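**Student:** Quick one: this structure, given as structure tokens, is what I'll be asking you about.
The values are calculated or read from the model by the stated rules, or taken from the named source; none is laboratory data. Quick caveat: nothing in here was measured; it's all calculated off a predicted structure. Cβ sites come from the backbone with ideal geometry, for glycine too, and all protein chains shown count toward neighbours.
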Amino acid sequence: MRVLAATFAYNEGDKIRRTLARHPSPRPYDLLVFDDGSTDRALEGLDSSVIVLRNETNRGIGSAMKGVFQYALNKNYEVLVIQAGNDKDDPLEIPKLLEPIVTGHADFVQGSRYLHGGGFGNMPAYRMFATRVVHPLVFSLAARKHVTESTNGFRAFKVELLRDPRIDWRQPWLDRYELEPYLLLKTIRLGYRHCEVPVIKIYPKHELGYTKMRPFVDWWSILRPVVYLGLGLRK
């Protein structure tokens with residue numbers, strides 16, 4: 001299978017360079033970084049083996065992912081891997097995400113830090129409660145399937161899902177944190193084969209820039225696709 005692994009950067013500094021450097025070379029997939037309007041010049045002088053796409057201004061992670069989705073479709077990739085650009089996901093775990101797809105057992109593989117064999121670090125208690133209890137509970141009710149992880153962006157899926165007109169990922173309201181839970185929820189509700197695999201997620205130290213999520217505003221951003229689809233307010 002032709003596999004594209006994509007990561008994302010918005011002024012991530014050394015974190016994005018470490019993320020890219022941790023990928024093996026040679027590797028059985030193409031590696032892409034999408035720069036969402038960074039001004040820190042951290043992506044200058046990258047190895048030519050890394051594909052670089054850019055938004056001229058910051059438009060949000062959902063908008064950046066839409067650019068990667070369209071690129072994967074245009075270039076006829078079969079599987080897309082999504083990874084964070086702030087060095088919290090381990091690229092050496094990508095084969096774990098790919099195995100259920102390659103062996104024909106899954107269409108969408110979600111990495112879970114909360115499965116046995118997974119793990120996490122540098123997470124404050126409120127964030128662990130939100131990502132381990134609150135969001136998965138609401139998500140599971142909307143999906144009508146129990147999941148242990150619904151906010152982790154480390155995942156792999158078949159590109160053919162993006163051709164399904166029932167998964168309307170191009171909608172303008174999905175430009176920030178909404179797109180990731182939207183895609184996962186639609187995949188499950190439409191009956192595609194979904195599974196979870198354990199992964200390790202270690203957040204960077206706070207002084208290095210822990211997260212760009214804004215309290216309340218972005219928390220609602222990541223929750224509202226579950227609410228909207230659960231209540232039938234959006235498609």
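Here's the yes/no breakdown for (1) within 20 Å of the chain's Cα centre (by Cα); (2) free of Cβ contacts under 8 Å to residues at least 12 places away in the same chain:
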| position | (1), (2) |
| --- | --- |
| THR7 | yes, no |
| LYS15 | yes, no |
| TYR29 | yes, no |
| LEU32 | yes, no |
| ASP35 | yes, no |
| THR39 | no, no |
| SER48 | no, yes |
| ARG54 | yes, no |
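**Student:** A further question on this structure: So, in region 98-114, of the ones that are without any contact (Cβ under 8 Å) to a residue 60 or more places away in the chain and of a type in the set (Ser, Thr, Tyr), which residue ends up surrounded by the most Cβ atoms within 10 Å (Cβ to Cβ)?
**Tutor:** TYR114
**Student:** Considering only region 20-69, how many residues are of a type in the set (A, V, I, L, M), part of a loop (DSSP other than H, G, I, E, B) and more than 22 Å from LYS212 (Cβ to Cβ)?
**Tutor:** Residues meeting the conditions: 0.
**Student:** Quick check: anything in region 73-86 among the charged types (D, E, K, R), at pLDDT below 95 and over 17 Å from the mean Cα position of the chain (by Cα)?
**Tutor:** No, region 73-86 contains no residue that is among the charged types (D, E, K, R), at pLDDT below 95 and over 17 Å from the mean Cα position of the chain (by Cα).
**Student:** If you don't mind, another one. Look at ASP87 and say whether it is surrounded by 19 or more Cβ atoms within 10 Å (Cβ to Cβ) and at positive phi.
**Tutor:** yes
**Student:** Would you please list the contacts, defined by Cβ atoms under 7 Å and residues six or more apart or on different chains, that run from a residue in region 120-133 that is of a type in the set (D, E, K, R) to a residue that is at pLDDT 90 or above?
**Tutor:** Hits for this filter: ARG132/TYR114.
**Student:** Let me ask something else about it. Of the residues GLY45, GLY13, GLY67, GLY37, which is at pLDDT 95 or above and on the phi > 0 side of the Ramachandran plot?
**Tutor:** Answer to the selection: GLY37.
**Student:** When you go through (1) touching a strand residue (DSSP E or B) at 6+ places or on another chain (Cβ under 6 Å); (2) surrounded by fewer than 18 Cβ atoms within 10 Å (Cβ to Cβ); (3) assigned to a helix (DSSP H, G or I); (4) not aliphatic (A, V, I, L, M) one by one for GLY117, which number turns out not to apply?
**Tutor:** If we test GLY117 against (1) touching a strand residue (DSSP E or B) at 6+ places or on another chain (Cβ under 6 Å); (2) surrounded by fewer than 18 Cβ atoms within 10 Å (Cβ to Cβ); (3) assigned to a helix (DSSP H, G or I); (4) not aliphatic (A, V, I, L, M), just (3) comes out false.
**Student:** On to the next question. Given (1) touching a helix residue (DSSP H, G or I) at 6+ places or on another chain (Cβ under 8 Å); (2) modelled with pLDDT under 95; (3) not aliphatic (A, V, I, L, M), identify the lone condition not met by ARG144.
**Tutor:** Condition (2) is where ARG144 drops out.
**Student:** If you don't mind, another one. Inspect all residues belonging to region 125-138 and state whether any of them is farther than 17 Å from ARG224 by Cα and part of a loop (DSSP other than H, G, I, E, B).
**Tutor:** Among the residues of region 125-138, not one is farther than 17 Å from ARG224 by Cα and part of a loop (DSSP other than H, G, I, E, B), which makes the answer no.
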